[in-house]
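Below is one structure, written out as structure tokens; the observations come after it.
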Amino acid sequence: MNVSQKIISSHLVSGTIKTGNEIAIKIDQTLTQDATGTLSYLQFEAMGIPKVKTKLSLSYVDHNTLQSGFENADDHKFLQSIAAKYGIIFSPAGNGICHQVHLERFGVPSETLLGADSHTPTAGGLGMLAFGAGGLDVACAMAGEPFYITMPQIVKVNLVGSLKGWSSAKDIILEILRLKTVKGGRGKIFEFAGGGVKTLSIPQRATITNMGAELGATTSVFPSDEITKDFLKRQGRLKDWKQLIADKDAAYDEEITINLSVLEPLISLPHSPDNVRKVADVKGVKVDQVCIGSCTNSSLADMLLLSKVLKNKKINKNVSLVVSPGSRQVLSMISESGDLANIVKSGARVLECACGPCIGMGQSPKSGGVSLRTFNRSFEGRSGTKDAKVFLCSPATALAAALSGEISSPQAVLGKKPTIKMPSKFYVDDLQFQKPTSKRDKVEIIRGPNIKPLPEFATLEDNLIVKTILKVGDNISTDHILPAGAKVLPFRSNLPKISEFTFGAVDKDFVLRAKSTSNGIIVGGENYGQGSSREHAALAPRFLGIRVVLAKSFARIYLANLINFGIIPLTFGDGSDYELINLNDELEFDNLKKIIASNSELFAKGASKTMKVCFDLTARQKEMIFAGGLLNWIKTR
Ligand code: MIC
Ligand code: SF4
């Protein structure tokens with residue numbers, strides 16, 4: 001077996017491990033962050049279970065850390081109290097970005113992790129099988145339910161050679177994105193193997209598995225080997241190590257080879273992570289801002305590189321360089337060693353250990369500005385400035401731009417790569433994590449006015465007439481559907497309020513149109529719903545009366561979120577029918593429930609044609625849709 005099959009088979013609850021089959025796997029650990037956590041815990045609470053049933057559940061606060069009113073603070077208090085009530089470890093704001101902290105302190109090789117955040121596969125760098133999911137799926141996992149997925153294909157990514165010069169782990173994943181695109185990972189696990197694996201440290205591996213999310217992959221995973229052991233030992237967690245490597249004769253569904261020795265520094269151009277070029281081919285573009293951090297590149301090793309490069313240097317006066325260390329552990333260590341001083345004295349602005357600019361929480365670039373970021377996403381408008389041009393690159397390429405003022409080859413600006421010596425022991429202070437109390441029944445859940453109750457949803461009718469409220473093209477991301485950023489994020493626990501922002505940047509009349517129609521349909525292109533796991537991007541449309549989304553294809557997490565909230569995901573029987581539907585067109589579905597239940601052919605009666613539409617739903621998913629969503633379904637059980 002390969003690594004993925006080993007973890008899946010040791011966690012299999014039902015189903016057979018065959019590509020395309022629905023399987024259910026046991027979840028050992030869960031994580032949430034504050035932007036998805038509030039809803040996830042409200043849903044967990046509605047299930048009426050006294051205590052989480054996982055081995056370990058974590059609630060991190062790292063997204064909404066910019067307060068311009070009471071909302072975020074209310075959310076954080078709610079999260080803190082609900083964690084204490086239900087047996088969850090609480091990591092308050094300032095401790096760091098969930099994925100970075102999880103690697104440092106909680107990830108365990110060969111275990112499973114389900115996180116209400118699409119970059120949860122970061123923990124695959126440690127040899128965990130880690131999935132991003134909607135908050136409701138995470139709530140179910142906390143309640144002891146297994147996680148359901150369609151058994152993915154397993155792609156062997158054969159890494160050969162070793163990185164040379166300034167090429168970095170970020171360039172490896174950018175190269176894979178160039179080859180495979182943002183749709184190329186759907187229905188697949190990327191499993192890393194080959195001689196190149198042992199040349200990569202845990203933070204490097206985590207940079208790669210982190211951005212597997214941008215491929216649309218189900219997850220990505222590295223073996224757990226001596227390097228993993230060494231990392232855990234330095235973290236004082238040797239007892240958590242377990243070797244996990246693929247059998248010599250392990251089979252895979254597909255194989256690609258990446259030769260690390262010939263990889264050059266790469267950069268992804270606006271506005272899609274797969275729009276990748278060689279840095280050498282775009283050099284000379286003037287840069288206004290450089291941001292270093294995010295769950296992709298904010299480890300101690302990344303920060304030590306910054307320190308070595310920036311020591312006794314000043315950044316270009318036309319560039320704003322902002323740096324967010326990934327965790328309190330990283331920040332503590334670079335402040336004690338004096339490395340932070342090298343960064344600060346160069347002219348950099350140091351932010352708190354949080355997602356920050358990655359999620360549009362501050363640092364929006366100037367109008368039309370060019371921002372180079374070591375992050376993982378560059379969707380239009382995500383930075384907060386619609387016409388900003390966000391490029392994604394490695395810390396080395398980012399530093400070369402910060403010093404020269406333009407996109408430049410790291411070799412040309414930075415010279416020889418310094419050697420980075422990692423400490424034999426990381427600084428550990430687990431008192432920063434709030435363990436649940438033994439007196440859980442005494443804990444009172446604190447609900448400020450921003451915490452709104454969950455909505456009730458009706459069950460599915462048999463005949464449905466829906467009106468086309470919106471028609472969009474390919475690769476619509478959840479940032480298009482429901483943006484993040486400082487203006488919107490404070491309302492993640494307030495559905496009536498947050499739904500007002502739905503599709504705001506795509507079509508400002510969407511909400512009005514949806515509200516004035518009783519049953520709506522959205523028509524989309526390929527890879528509809530790519531990006532974030534935020535279930536608000538399915539829940540808010542449902543709240544606004546959307547009952548069906550008809551698209552050419554869907555992204556995995558989004559598809560699951562639609563079903564969880566009782567929205568029917570349909571695809572075109574004939575892709576060219578997409579052209580025949582226009583805004584405000586009505587579509588009629590007769591005998592919907594009967595047809596779905598019996599897997600018969602489904603037709604949508606439109607103005608000009610009756611077209612065949614398809615659904616691919618398991619028996620469990622059908623029941624959820626009929627019930628009006630997963631929560632209703634659970635209540636009926
Ligand atoms: C993101 O990177 O888009 C986020 C913010 O971390 C999201 C979660 C969210 O929207 O809260 C994600 O990736 O799932
Ligand atoms: Fe936070 Fe950005 Fe990572 Fe999402 S991608 S978890 S917003 S740092």
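The values are calculated or read from the model by the stated rules, or taken from the named source; none is laboratory data. Not measured: the values here are computed from a predicted model. Because the Cβ atoms are built from the backbone with ideal geometry, glycine has one as well, and the counts that use them run over all protein chains shown.
Looking at C358 and the list (1) over 19 Å from the mean Cα position of the chain (by Cα); (2) of a type outside the set (V, I, T); (3) assigned to a helix (DSSP H, G or I); (4) within 16 Å of ligand 2 (Cβ to nearest atom), which single condition is not satisfied?
Single failed check for C358: (1).
Can you say whether T38 is buried (at least 20 other Cβ atoms within 10 Å of the Cβ) and more than 16 Å from ligand 2 (Cβ to nearest atom), as far as the supplied structure shows?
Details: buried (at least 20 other Cβ atoms within 10 Å of the Cβ): yes; more than 16 Å from ligand 2 (Cβ to nearest atom): no.
Spelling it out, it is not the case that T38 is buried (at least 20 other Cβ atoms within 10 Å of the Cβ) and more than 16 Å from ligand 2 (Cβ to nearest atom).
Among the strands (runs of 3 or more DSSP E) confined wholly to the range 1-79, which include 3 or more residues that are closer than 15 Å to F90 by Cβ and out of contact with any Pro (no Cβ under 9 Å at 6 or more places or on another chain)?
Values: elements: 12-14, 22-25, 29-33, 56-60.
Strands (runs of 3 or more DSSP E) meeting the threshold: 29-33, 56-60.
Out of (1) surrounded by 18 or more Cβ atoms within 10 Å (Cβ to Cβ); (2) within 16 Å of ligand 2 (Cβ to nearest atom), what's the single condition that is false for G520?
Here G520 clears every test but (2).
Please count how many residues of the range 420-465 are touching a strand residue (DSSP E or B) at 6+ places or on another chain (Cβ under 8 Å) and outside any loop (DSSP other than H, G, I, E, B).
Total meeting the criteria: 4.
Please work out which one of (1) buried (at least 24 other Cβ atoms within 10 Å of the Cβ); (2) more than 27 Å from S299 (Cβ to Cβ) is the condition L58 fails and give its number.
Answer for L58: the failing condition is (2).
Residue by residue through the range 24-51, note down the ones that are more than 16 Å from ligand 1 (Cβ to nearest atom) and either of a type in the set (G, A, S) or more than 22 Å from the chain's Cα centre (by Cα) (or both).
Of everything in the range 24-51, those that are more than 16 Å from ligand 1 (Cβ to nearest atom) and either of a type in the set (G, A, S) or more than 22 Å from the chain's Cα centre (by Cα) (or both) turn out to be A24, E45, A46, M47, G48, I49, P50, K51.
Mind checking which residues of the range 379-389 are under 17 Å from P273 (Cα atoms), away from ligand 2 (no atom under 14 Å from the Cβ) and either crowded, with 24+ Cβ neighbours inside 10 Å or without any contact (Cβ under 8 Å) to a residue 24 or more places away in the chain (or both)?
Hit for the range 379-389 is D387, nothing else.
Quick one: in the range 111-123, which of the residues that are assigned to a strand (DSSP E or B) and closer than 21 Å to G629 by Cα is nearest to ligand 2 (Cβ to nearest atom)? Let's see the steps before the verdict.
Our first condition is that a residue be assigned to a strand (DSSP E or B); within the range 111-123, this holds for 112-115.
Now narrow it down to the ones that are closer than 21 Å to G629 by Cα: 114-115.
Details: L114: 15, G115: 9 Å.
Of everything passing the filter in the range 111-123, G115 is nearest to ligand 2 (Cβ to nearest atom).
Quick test of your reading of the structure: Q434 fulfils all but one of (1) away from ligand 2 (no atom under 16 Å from the Cβ); (2) touching an Asp or Glu at 6+ places or on another chain (Cβ under 6 Å); (3) modelled with pLDDT of 95 or more. Name the failing condition by number.
Single failed check for Q434: (2).
Report every pair of residues separated by at least 6 positions or lying on different chains whose Cβ atoms are under 7 Å apart, first residue within the range 276-294 and on the phi < 0 side of the Ramachandran plot, second among the basic types (K, R).
V276/R178; D288/K366; C291/R373
Residues that are within 29 Å of K248 (Cβ to Cβ): list the helices (runs of 4 or more DSSP H) wholly contained in the range 124-231 that include at least 3 such residues.
By residue number, 169-180, 202-210.
With the condition kept exactly as written, say whether any residue in the range 370-378 is in contact (Cβ under 8 Å) with a residue 12 or more places away in the chain, closer than 30 Å to K278 by Cβ and away from ligand 2 (no atom under 16 Å from the Cβ).
Yes, some residue in the range 370-378 is in contact (Cβ under 8 Å) with a residue 12 or more places away in the chain, closer than 30 Å to K278 by Cβ and away from ligand 2 (no atom under 16 Å from the Cβ).
Does A505 meet the test of being closer than 23 Å to Q530 by Cβ, crowded, with 19+ Cβ neighbours inside 10 Å, in contact (Cβ under 8 Å) with a residue 40 or more places away in the chain and among the small types (G, A, S)?
no
Keeping to the range 88-109, report how many residues are away from ligand 2 (no atom under 16 Å from the Cβ) and in contact with a helix residue (DSSP H, G or I) (Cβ under 6 Å, 6 or more places away or on another chain).
Number satisfying all stated conditions: 3.
Within the group N342, N312, N376, N316, which residue is in contact with a Ser or Thr (Cβ under 9 Å, 6 or more places away or on another chain) and within 15 Å of ligand 1 (Cβ to nearest atom)?
That would be N376, the only listed residue that is in contact with a Ser or Thr (Cβ under 9 Å, 6 or more places away or on another chain) and within 15 Å of ligand 1 (Cβ to nearest atom).
If you take the residues in the range 80-123 that are closer than 15 Å to S220 by Cβ and more than 15 Å from ligand 1 (Cβ to nearest atom), which one is farthest from the chain's Cα centre (by Cα)?
Per the criteria, the residue is P109.
Quick one: count up the residues across the range 401-445 that are without any contact (Cβ under 8 Å) to a residue 40 or more places away in the chain and touching a Ser or Thr at 6+ places or on another chain (Cβ under 6 Å).
1
What's the number of the only condition in (1) under 23 Å from E461 (Cβ atoms); (2) away from ligand 1 (no atom under 16 Å from the Cβ); (3) outside any strand (DSSP E or B) that S499 fails to meet?
(2)
Here's a check for you: in the range 502-540, which residue that is among the charged types (D, E, K, R) and over 22 Å from G360 (Cα atoms) is nearest to ligand 1 (Cβ to nearest atom)?
Restricting to residues being among the charged types (D, E, K, R) and over 22 Å from G360 (Cα atoms), the top hit is E526.
So for the range 191-213 (the condition being surrounded by fewer than 24 Cβ atoms within 10 Å (Cβ to Cβ), hydroxyl-bearing (S, T, Y), at pLDDT 95 or above and under 23 Å from N21 (Cβ atoms)), does at least one residue qualify?
Checked against the condition, which is being surrounded by fewer than 24 Cβ atoms within 10 Å (Cβ to Cβ), hydroxyl-bearing (S, T, Y), at pLDDT 95 or above and under 23 Å from N21 (Cβ atoms), the range 191-213 yields no hits at all.
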